[in-house]
Amino acid sequence: MLWPMAVSKFTHWRGAPLAGVALTVLDENGAALAHLTADADGFAEAADLPAPDAAYSLDEANSAVRPYAIYSVEAVLDGWQTVVLNGVQVFDG
């Protein structure tokens with residue numbers, strides 16, 4: 001299943017959507033896998049990102065395979081500080 005990303009601005013603990021944010025999803029090697037843009041509601045379309053099979057995260061005996069993929073997400077918008085989220089865990093499904 002694919003989930004869209006949401007981008008919001010926060011001031012004094014209150015959030016509001018932030019339109020036009022350019023989002024880049026990078027794999028662990030720094031390769032760009034998706035380029036997305038937040039809409040007026042702060043949402044970006046879903047990105048089809050590879051992740052290990054869900055069975056790995058459901059197998060209690062699994063200690064050999066990391067059950068998720070790790071990505072970085074960069075958010076850029078003119079007039080705002082660029083934000084990079086490292087270590088974003090993405091599971092299958």
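Observations, loosely collected:
- Among residues of the range 50-78, those that are of a type in the set (A, V, I, L, M) and closer than 22 Å to ASN29 by Cβ, counted: 8
- Single match in ALA54, ALA34, ALA40, ALA19 (criterion: within 14 Å of the chain's Cα centre (by Cα) and at pLDDT below 95): ALA34
- Residues (surrounded by fewer than 16 Cβ atoms within 10 Å (Cβ to Cβ) and assigned to a strand (DSSP E or B)) located in the range 56-71: ILE70
- Pair list, Cβ < 9 Å and 6+ apart or interchain, from the range 58-82 residues that are free of Cβ contacts under 8 Å to residues at least 40 places away in the same chain and more than 18 Å from LEU36 (Cα to Cα) to residues that are polar (S, T, N, Q) and surrounded by 16 or more Cβ atoms within 10 Å (Cβ to Cβ): PRO67/SER57; TYR68/SER57
- Within the range 60-87, the set of residues being among the β-branched types (Val, Ile, Thr) and touching a Gly at 6+ places or on another chain (Cβ under 7 Å) comprises just one member, ILE70.
- Residue list for the range 73-90, filter: surrounded by 13 or more Cβ atoms within 10 Å (Cβ to Cβ) and more than 14 Å from ALA22 (Cβ to Cβ): VAL88, VAL90
- Applying the condition of being of a type in the set (Asp, Glu) and exposed (fewer than 15 other Cβ atoms within 10 Å of the Cβ) to the range 28-55 and asking which residue is nearest to VAL88 (Cα to Cα) yields GLU28.
The values are calculated or read from the model by the stated rules, or taken from the named source; none is laboratory data. Please read these numbers as outputs of a predicted model, since none were measured by experiment. A quick note on method: Cβ atoms are made from the backbone with ideal geometry, for glycine too, and the neighbour counts reach across all protein chains shown.
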